[in-house]
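Peer 1: Mind looking over this structure? Questions follow.
The values are calculated or read from the model by the stated rules, or taken from the named source; none is laboratory data. Please read these numbers as outputs of a predicted model, since none were measured by experiment. Keep in mind that these areas ignore ligands, DNA and RNA; they rest on the heavy atoms of the full protein, side chains included. Shrake-Rupley method; radii C 1.70, N 1.55, O 1.52, S 1.80 Å.
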Amino acid sequence: MKYEKKVKLKDNRTCLIRNGNEKDALVMLNIYIDVHNETDYLLAYGDECTLTEETEAGFLKMMSESNRDVQLLAFVDGEPAGCAGLTSLGNKIKIR
């Protein structure tokens, strides 16, 4: 699923929300580690991350080519600000 949208924030900065791609692998990896270091309510801490830039690039490539799943990145004034993803549970119509 392809997605790209610019949003004007309340403080007049611009937020670009778009699909992640292979070139964003290091950005995604750093966001993952930062978020996992900020809370105790996820399954792992940042220093337990076993992902590599290569595996993250493969994941982002797969997500960007999917017609059902999406991994989005947000950039505020060109700087990474966050990410979100949706993955279908299977091929059955009711759970896509």
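Peer 1: Return the Cα extents of the chain along principal axes one, two and three, sorted largest first, each rounded to a whole Å.
Peer 2: 43, 32, 26
Peer 1: Mind telling me which of Ala25, Ala57, Ala81 comes out most flexible in a GNM of the chain, alpha-carbon contacts under 10 Å?
Peer 2: Per the Cα network of the chain with a 10 Å cutoff, Ala81 tops the list.
Peer 1: How many lysine pairs does the chain hold where the Cα atoms are under 25 Å apart and the two sit 8 or more places apart or on different chains?
Peer 2: Final tally of qualifying lysine pairs is 11.
Peer 1: Let me ask another. Mind checking the per residue accessible area of the chain for me, 1.4 Å probe, whole number of Å²? Numbers along the way, then the final one.
Peer 2: Values: 7140 Å² over 96 residues.
Here the per-residue accessible area is 74 Å².
Peer 1: Quick one: with all protein chains in place, what share of the accessible area of the chain is carbon or sulfur, to the nearest percent (1.4 Å probe)?
Peer 2: Values: 3870 of 7140 Å².
C and S fraction of accessible area: 54 percent.
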